[in-house]
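The next block holds one structure in the form of structure tokens; read it before the comments.
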Amino acid sequence: MVSEKSYAGWYFLVAVLVLYLLSYLLSPENAFAALEFFYSLILKLIPIFVLVFLLLALANYYIKPKMLAEHMGHGSGLKGWFIAVTSGIISTGPIYMWYPLLNEMQKHGMRNGLLAAFLYARAVKVPLFPILILYFGLTYTIILSLAIIIAAPLQGLLTEKLMELFKNENSSIK
């Protein structure tokens, strides 16, 4: 299957540059304020991008398709679900920063259901437990956390079944 090159990124870049130019023409002081904000934001994001790049490089170096298939592939069993849910709970940072790494893992054989379980289990935020307990109580915190932990594999299984259904539906159309 040949993939077509997308120019959407270039169109977006040109649109942003045109908007910056228009804002400069209409209000130069606001345009400079926006550029200063952009600059400060980029300075904050560069370390995150470097970290993601390093994680991806390490994952590509250490995670071999055979090993990933053993631990998180289609025959992974309960161990795969445990790894997905546990790593989802302990993962930190913004979710969008995990997408490139998860995409690479998926390309190397990680099950879609385990990806869904990982993403779902991220709702359990251990560092926020004290605040959750303060506002809602210990019982609520425990029940909510257990409900999320139990539901994560169920969401993963549901995702796998739906992906399978849509895959079969698409193959029957062709």
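The values are calculated or read from the model by the stated rules, or taken from the named source; none is laboratory data. Treat the numbers as computed from the prediction; the structure is a model and nothing was measured. For neighbour counting, all protein chains shown are included, and Cβ atoms are generated from backbone atoms with ideal geometry for every residue, glycine included.
Answer yes if at least one residue in segment 124-138 is under 18 Å from the mean Cα position of the chain (by Cα) and within 23 Å of GLY77 (Cα to Cα), and no otherwise.
Among the residues of segment 124-138, at least one is under 18 Å from the mean Cα position of the chain (by Cα) and within 23 Å of GLY77 (Cα to Cα), which makes the answer yes.
Being modelled with pLDDT under 90 and closer than 21 Å to MET97 by Cα is the filter here, so list the residues in segment 14-42 that pass it.
Result: PHE38, LEU41, ILE42.
Out of GLY113, GLY88, GLY93, GLY80, which single residue is assigned to a helix (DSSP H, G or I), of a type in the set (Gly, Ala, Ser) and under 28 Å from LYS44 (Cα atoms)?
Step by step, each of GLY113, GLY88, GLY93, GLY80 is checked, and only GLY88 is assigned to a helix (DSSP H, G or I), of a type in the set (Gly, Ala, Ser) and under 28 Å from LYS44 (Cα atoms).
Note down all Cβ pairs under 9 Å where the first residue falls in segment 130-150 and is under 21 Å from LEU119 (Cβ atoms), the second is of a type in the set (S, T, N, Q) and part of a helix (DSSP H, G or I), and they're at least six residues apart or on different chains.
LEU132/THR141; LEU132/SER145
What are the pairs with Cβ atoms under 7 angstrom where one residue, in segment 78-95, is surrounded by 14 or more Cβ atoms within 10 Å (Cβ to Cβ) and the other, located anywhere, is not basic (Lys, Arg) and not in a helix (DSSP H, G or I)? Sequence gap at least six, or different chains.
ILE89/VAL124; SER91/TRP98
For LEU144, indicate whether it is in contact with a Gly (Cβ under 6 Å, 6 or more places away or on another chain), over 14 Å from GLY88 (Cβ atoms) and surrounded by fewer than 18 Cβ atoms within 10 Å (Cβ to Cβ).
no
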